[in-house]
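Step one of this worksheet: look at the structure below.
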Amino acid sequence: MQNKPSWYPSRFGAEDEIGAANLITPERVLKAAALIKTGRTYPLAVPVSKDLPAFRHRSFKLYNIQPGEQAGKTTGPNQFTFNDELAVAWTGVGTQLNGIGHIGINHVYYNGNDAKDFVTVEGVKKLGVEKVPPLVARGVVLDMTVHFGVDIVPGGTTITVADIEATLARQGITIEAGDVVLFNTGWLELIGKDDKQFLEVEPGIDIEAAKWLAERDIVAFGGDTWASEVYPNPTGEEFPVNQFMLAQRGIYNLELIDTRALLRDGVFEFLFVLGQPLYVGSTQVNINPVAIA
């Protein structure tokens, strides 16, 4: 009989469905709110359109429809008209929350949930993004462009524990339990200029850096790339960091996060606020989180 992997049941209990979101407590939210000094708000998403490069099979199509208004028709004596939009899209296009039901290891997902037991064509019955509470936490951004001395960190560059520690020291901050940790690599600068390179490779953390971050009890990791880890992985494995963070540790992945305005203003820590769309049964969703400094 094959031994059960050691990564489940979760530290939060065998029935837990929200993973590291359990680390968000009222006390930590109050502490994070105290970071607000100026009241400036920063949207952290990129605009989404059919032209935004997306992972492999994904696409986004939006159509404007005016139902019942063909041939110039209106409704009522006040000539009421309206616009309605129909989106035909993958939920993982653009800035996104990757939930802990998104990535598995041989069809086993967070807390030992087997795909055959909870995945259906109409969505997942467990681990959906509708279960995730608002993510309100201390956010930190690490500027790897300064660390490496480049405008855009080259694709395939591995961000190691030493790189993270050096950047934290330079920026004068630390990583605390309950944090959302974001990386700026300059990768968003490629959008619309070299979409092919943008999707084929990317800089990012390796598995040792992921373990180092997980040991500090972070809630989420991510940044301005589409997978939040080095790609292609030097080991030849397919997205091992995502497997470790989401499936094994219940830590959320935030992709295509735009922190450029924060860094222009010299903001390295802030209040991170996310209330994602509650798409029942989805494992990922398009988002626009906000940083407040």
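The values are calculated or read from the model by the stated rules, or taken from the named source; none is laboratory data. Remember, predicted model here, so these are calculated numbers, not experimental data. Cβ atoms come from the backbone with ideal geometry, glycine included; neighbour counts cover every protein chain shown. Heads up: the accessible areas ignore ligands, DNA and RNA and are worked out on the full protein's heavy atoms, side chains in. Shrake-Rupley method; radii C 1.70, N 1.55, O 1.52, S 1.80 Å.
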Q. Which percent of the accessible heavy-atom area of the chain goes to carbon and sulfur, probe 1.4 angstrom?
A. 53
Q. Expressed as a rounded percentage, what relative contact order does the chain have, with Cα pairs under 8 Å and six or more residues apart?
A. 30
**Q.** Point-to-point label distance, Asp194-Val150, nm (Cα→Cβ direction, 7 Å offset)
**A.** 0.9
**Q.** Probe 1.4 Å, protein heavy atoms only - accessible area per residue of the chain in square angstrom
**A.** 48
Q: Return the long-range amide H neighbours of Thr157 (sequence gap of 5 or more, or a different chain), with a cut-off of under 5 Å between placed amide H atoms.
A: Gly204
(Q) Explain nothing, just compute: Karplus ³J(HN,Hα) = 6.51 cos²θ - 1.76 cosθ + 1.60, θ = phi - 60°, for every residue of region 123-138 in order, whole Hz, x for Gly and Pro. (A) x, 7, 8, 9, 6, x, 5, 5, 7, 6, x, x, 8, 10, 7, 6
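Would you mind telling me the antiparallel percentage of the DSSP bridges in region 121-246, rounded to 5?
Numbers: 1 of 12 bridges.
Given both bridge residues lie in region 121-246, the antiparallel proportion sits at roughly 10 percent.
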Q. Taking amide H positions as placed 1.01 Å from N in the peptide plane, with prolines and chain starts having none, which residues 5 or more places from Phe183, or on another chain, fall under 5 Å of its amide H?
A. Leu142, Gly222, Gly223, Asp224
